[in-house]
Amino acid sequence: MITRHIRVTGTVQGVGFRPFVWRLAQQLGLTGWVRNDAQGVEILVQGPQTRLTELLQRLRMDAPPLARVDSVQAQDVLAEPFTDFSIIASQSGQASTAIGPDVAVCDECLAELFDPSSRRWRHAFITCTHCGPRYTITRALPYDRPQTSMAAFPLCPACSSEYTAPANRRFHAETTCCPQCGPRLSLSNAQGQAITGDPITQSLRLLQTGHIVAIKGLGGFHLACDARNAEAVARLRLRKNREAKPFAVMLANAASVAPYARIRRDDKQSALLESRERPIVLLPATAAGEAELSGVAPGLLRLGVMLPTTPIHYLLFHEAAGHPAGSAWLTETQAMVLVMTSANPGGEPIVRDTQEAHARLAGIADAYLDHDRDIVARCDDSVMQVVAGKPQFIRRSRGFAPAAIRLPSGGPSVLAFGAYLKNTVCVTRGDEAFLSPHIGSLDNAASCEFLDETVQRLCVLLDVKPGLVAHDLHPDDYSTRAALQYAQQRGLPTLAVQHHHAHMAAVCAEHGWQGPVLGLALDGVGLGTDGTAWGGELLKVDGTRFEHLGHLRPLPMPGGDQCAREPWRMAAAVLHELGRNADIAQHFQEPAASTVVAMLARQFNCPRTSSMGRVFDAAAGLLGICHTMAYEAQAAMLLEQAATIFIEGHGWPEPLPGGYAVRDDGQLDLLPLLASLIDAGDTTRAAARFHATLVAALSDWVLRASKATGLTTLAWGGGCFLNTLLSSHLRQNLEQHGIMVLAPSLTSPGDASIALGQAWVALHYLEEN
């Protein structure tokens, strides 16, 4: 008989790992104990050598579905004989484990939920070790019920029996509950008065009669209405002050999606939709989808679609289906389509609790479907799309964050405060980087407070004390000011990281790339080292250092940041660069056109930018596709959509001859391409040719830099790579010419990845100093 001490690290708490170890021990005839501690899962086990060897193998190979085993370390020790194998009380200490993200309710729980003979029939909080909330209910580690918001609901005798029954899938499931022990649903009107009757039944009645209902989910409230009721959708837009930005819709299952969006059961989009992470997935709309859901994504040919995540969502669809017994209806087409959009008025963080909901959603929601289980941490929905057969994050949040991103090596903990737009923060611990859920743009006080709250929460939850604080180069961004204040209060050193350097570093971090690499950064804006607005940059990156190899030909921005909202201004800037100032008033009827002409003529308030985002805006403005944007990136999205319409009918066009030039100083000049768009006849053809020429230009630019530097690996990042035509065709071009492309896959290519890149640079800085 051998006694072996085993340490398992990774995401191994809140995923049923201790019950899994107990069952393995029973099967193998082993004795000893298992417990959670601050480092992960600790096991002391006795048995024959062959059985212990099998245990070690199966700890990795047969781990529960939500677990991620990073390491299994074993050492033989001396101990008194054990008579059985048990799960013992958790031990606290300095944390080196992590809590997993929230996931959707599992099939086994759904079967119980709709089984009239089950004591959890229609219980809105049914979960087990394989599903439900984790991150959003956890206050501290180790992950035990007293450390979660489930602490307020003591186990009833029946649940307690399941919790202690080794054969039960709720054995040591910390979220175990039932109708007797709670939590419980409630429904109230806009004045906070209780609405009598079953909350699910009454909520559905409100939705079916055109009302807007705020529904409490895993990481916050959603605002829901009947997506096929044009008046209800228009009312939600008016109340939320969301003129045209697309809403997401929720349908019961993949079969119900088919009438509204194109999806195949065997493709990546279907797998993403039905995954336990349950992101919103962008799908091509069908003709029926465009017609029946016209108010959901006005002017767009794609729909953001999600499937139910929580039992509450499923109960609403079950009620709409007529209350069928059993779970067969779960795979049948259901008629109801709900708008399901984050309850975050004015771009603020998602609403989290009852008091906040009634205060911030006053005048928006007609009713509140609420419950008494606290949401400890806000966590908005993740958004994804499929590009060239591969999933791509648009927003990495619920279901994925804050799952660790493994780094190739460890180091002291660092804290990175991220970017101004699409903010996230990042904390490292050892060889892991923890990127927070989506925080949002820091243009309002509530988002700034959420950033501060998230920094505090991650550092406490991970039990780390950063040794270095990283931030953006821009001195006026709130993220920079918050980082400097945090560091000053704790006497910590700081490190400023240039925006596009951070984009490239984020890609290197997730790919574990340690050497020099070419970097292509294409986005809206980031402060350059020369104090100007960058956004179309070719770099050579190596850890803490980068070399600027080239940039797009700068264009003036008449009115500065106003150009990011009014693409016609960038189109006017192109006419000015071509010496056609007199044509601006003829092309654009906007009231400010004459003012813009004067500004350009005098170069007053016309800072120049090398931003690729502004090039897309200029193209959309010149083609008349979008003169003024109702939401961020609308012009670029409509330009890509116009190009896609042409390409689907005619194929990929030839690039425009002479459409660009690469200068001796490394500058890429796209002015000839933009000039070709003036007075273009066929808008969709011109948009497609713009994309084809842009891909050819960028390919040539990168290949020249590769020849000059000898580097054949390219990292790319920036929000422009969310353009599926650009990213898929550029990758294909470069790979055909021997360039290895490192693209973001674990994070978004946009600014949400900046914090990870800042942390990566900070770790290299500590290595060098």
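The values are calculated or read from the model by the stated rules, or taken from the named source; none is laboratory data. Because the structure is predicted, anything quoted here is derived from the model rather than measured. Cβ coordinates were reconstructed from backbone atoms using ideal geometry, including for glycine residues, and neighbour counts include every protein chain displayed. Just so you know, the surface numbers come from the protein's heavy atoms only, side chains and all, with ligands and any DNA or RNA stripped out. Shrake-Rupley method; radii C 1.70, N 1.55, O 1.52, S 1.80 Å.
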ask   = From the residues in the range 740-769 that are touching a strand residue (DSSP E or B) at 6+ places or on another chain (Cβ under 6 Å) and without any contact (Cβ under 8 Å) to a residue 60 or more places away in the chain, which one is least open to solvent (accessible area, probe 1.4 Å)?
value = VAL741
key: Any hit, the range 481-495, residues being touching a residue at least 12 places away in the same chain (Cβ under 8 Å), out of contact with any Gly (no Cβ under 9 Å at 6 or more places or on another chain), small (Gly, Ala, Ser) and open to solvent by 30 Å² or more (accessible area, probe 1.4 Å)   = no
ask   = Could you list, in sequence order, the residues of the range 77-86 that are open to solvent by 20 Å² or more (accessible area, probe 1.4 Å) and touching a Gly at 6+ places or on another chain (Cβ under 9 Å)?
value = ALA79, PHE82, ASP84, SER86
message = Whether any residue in the range 734-746 is farther than 30 Å from GLU648 by Cβ and acidic (Asp, Glu) is what I want to check.
response = no
remark   = Checked the range 150-161 for anything out of contact with any strand residue (DSSP E or B) (no Cβ under 8 Å at 6 or more places or on another chain) and either part of a loop (DSSP other than H, G, I, E, B) or buried (at least 20 other Cβ atoms within 10 Å of the Cβ) (or both); matches are MET150, PRO154, LEU155
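Considering only residues that are more than 18 Å from ASP669 (Cβ to Cβ) and either in a helix (DSSP H, G or I) or open to solvent by less than 10 Å² (accessible area, probe 1.4 Å) (or both), which ones fall in the range 682-707? If you could, list the steps in order and put the result at the bottom.
Kept after step one, since they are more than 18 Å from ASP669 (Cβ to Cβ), are these residues of the range 682-707: 682-688, 706-707.
Selection gives THR683, THR684, ARG685, ALA686, ALA687, ALA688, SER706, LYS707.
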task = Could you check, for the range 680-702, whether at least one of its residues is under 27 Å from the mean Cα position of the chain (by Cα) and among the hydroxyl-bearing types (Ser, Thr, Tyr)?
result = no
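Answer yes if at least one residue in the range 631-648 is part of a loop (DSSP other than H, G, I, E, B) and open to solvent by 40 Å² or more (accessible area, probe 1.4 Å), and no otherwise.
First, pick out the residues of the range 631-648 that are part of a loop (DSSP other than H, G, I, E, B): 631-633.
Next cut, open to solvent by 40 Å² or more (accessible area, probe 1.4 Å) only: 632-633.
Checked against the condition, which is being part of a loop (DSSP other than H, G, I, E, B) and open to solvent by 40 Å² or more (accessible area, probe 1.4 Å), the range 631-648 yields at least one hit.
Would a scan of the range 123-135 turn up a residue that is more than 19 Å from GLY16 (Cα to Cα) and in contact with a helix residue (DSSP H, G or I) (Cβ under 6 Å, 6 or more places away or on another chain)?
As a first pass, look at the range 123-135 and keep what is more than 19 Å from GLY16 (Cα to Cα): 123-124.
Cutting the leftovers down to in contact with a helix residue (DSSP H, G or I) (Cβ under 6 Å, 6 or more places away or on another chain) gives us 124.
The answer is yes; a qualifying residue exists.
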query = Which one of these does ASP561 not meet: (1) in contact with a Lys or Arg (Cβ under 9 Å, 6 or more places away or on another chain); (2) modelled with pLDDT under 95?
reply = (1)
message = Go through the range 465-480 and report how many residues are without any contact (Cβ under 8 Å) to a residue 60 or more places away in the chain and surrounded by fewer than 22 Cβ atoms within 10 Å (Cβ to Cβ).
response = 7
First in the range 43-54 and free of Cβ contacts under 8 Å to residues at least 24 places away in the same chain and of a type in the set (D, E, K, R), second anywhere and outside any helix (DSSP H, G or I) and buried (at least 17 other Cβ atoms within 10 Å of the Cβ), Cβ under 7 Å, 6 or more apart = ARG51/LEU30
note = Over the range 401-433, the set of residues basic (Lys, Arg) and farther than 21 Å from GLN39 by Cβ is LYS422
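Does any residue of the range 567-574 turn out to be under 14 Å from ASP617 (Cα atoms) and among the aromatic types (Phe, Trp, Tyr)? So that I can check it myself, show each step before the final result.
Filtering the range 567-574 down to residues under 14 Å from ASP617 (Cα atoms) leaves 567-574.
Filter once more, keeping what is among the aromatic types (Phe, Trp, Tyr): 568.
Within the range 567-574, one or more residues are under 14 Å from ASP617 (Cα atoms) and among the aromatic types (Phe, Trp, Tyr).
Does HIS371 meet the test of being touching a residue at least 12 places away in the same chain (Cβ under 8 Å), closer than 30 Å to ALA234 by Cβ, open to solvent by less than 20 Å² (accessible area, probe 1.4 Å) and not aromatic (Phe, Trp, Tyr)? Explain how you work it out, then say what you get.
On the way: touching a residue at least 12 places away in the same chain (Cβ under 8 Å): yes; closer than 30 Å to ALA234 by Cβ: yes; open to solvent by less than 20 Å² (accessible area, probe 1.4 Å): yes; not aromatic (Phe, Trp, Tyr): yes.
The answer is yes for HIS371.
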request  = Tell me which residues, restricted to the range 573-592, are under 26 Å from TRP701 (Cβ atoms) and without any contact (Cβ under 8 Å) to a residue 60 or more places away in the chain.
outcome  = ALA573, HIS576, GLY579
query = Is it the case that some residue within the range 655-677 is part of a helix (DSSP H, G or I) and either at pLDDT below 95 or crowded, with 21+ Cβ neighbours inside 10 Å (or both)?
reply = yes
ask   = Of the residues ARG122, ARG139, which is more than 26 Å from the chain's Cα centre (by Cα), among the charged types (D, E, K, R) and farther than 21 Å from GLU274 by Cβ?
value = ARG122
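Return the residues of the range 536-557 that are acidic (Asp, Glu) and either open to solvent by less than 10 Å² (accessible area, probe 1.4 Å) or closer than 29 Å to GLY621 by Cβ (or both); say none if nothing qualifies. Show your work before the answer.
To start, the set of residues in the range 536-557 that are acidic (Asp, Glu) comprises 537, 542, 547.
GLU537 - this is the single residue of the range 536-557 that is acidic (Asp, Glu) and either open to solvent by less than 10 Å² (accessible area, probe 1.4 Å) or closer than 29 Å to GLY621 by Cβ (or both).
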inquiry  = With the requirement that a residue be open to solvent by 20 Å² or more (accessible area, probe 1.4 Å) and touching a residue at least 12 places away in the same chain (Cβ under 8 Å), what does the range 516-531 give you?
reply    = PRO516, GLY524, VAL525, LEU527, THR529
inquiry  = Quick check on the range 13-31. Is at least one of its residues in contact (Cβ under 8 Å) with a residue 60 or more places away in the chain and more than 38 Å from the chain's Cα centre (by Cα)?
reply    = yes
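Among residues belonging to the range 410-426 that are among the small types (Gly, Ala, Ser) and modelled with pLDDT of 95 or more, point out the one that is surrounded by the fewest Cβ atoms within 10 Å (Cβ to Cβ).
For the range 410-426, the residue satisfying everything is SER413.
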query = Would it be correct to say that VAL105 is within 20 Å of ASP372 (Cα to Cα), outside any helix (DSSP H, G or I) and touching a residue at least 40 places away in the same chain (Cβ under 8 Å)?
reply = yes
key: Of the criteria (1) open to solvent by 10 Å² or more (accessible area, probe 1.4 Å); (2) in a loop (DSSP other than H, G, I, E, B); (3) without any contact (Cβ under 8 Å) to a residue 60 or more places away in the chain; (4) in contact with a Ser or Thr (Cβ under 7 Å, 6 or more places away or on another chain), which one PHE604 fails   = (4)
query = Applying the selection to the range 413-467, what residues are more than 21 Å from ALA98 (Cβ to Cβ), among the aliphatic types (A, V, I, L, M) and in contact with a Leu (Cβ under 9 Å, 6 or more places away or on another chain)?
reply = ALA419, LEU421, LEU442
request  = Answer yes or no as to whether LEU407 is open to solvent by less than 10 Å² (accessible area, probe 1.4 Å) and either over 21 Å from the mean Cα position of the chain (by Cα) or of a type outside the set (D, E, K, R) (or both).
outcome  = no
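Give the residue, chosen from VAL383, VAL387, that is surrounded by fewer than 24 Cβ atoms within 10 Å (Cβ to Cβ) and touching a Ser or Thr at 6+ places or on another chain (Cβ under 6 Å).
Working: VAL383 fails: touching a Ser or Thr at 6+ places or on another chain (Cβ under 6 Å).
Only one candidate passes the filter, namely VAL387.
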message = Can you tell me which residue is nearest to SER90 (Cα to Cα) among those in the range 118-141 that are surrounded by fewer than 23 Cβ atoms within 10 Å (Cβ to Cβ) and at pLDDT below 95?
response = ALA140
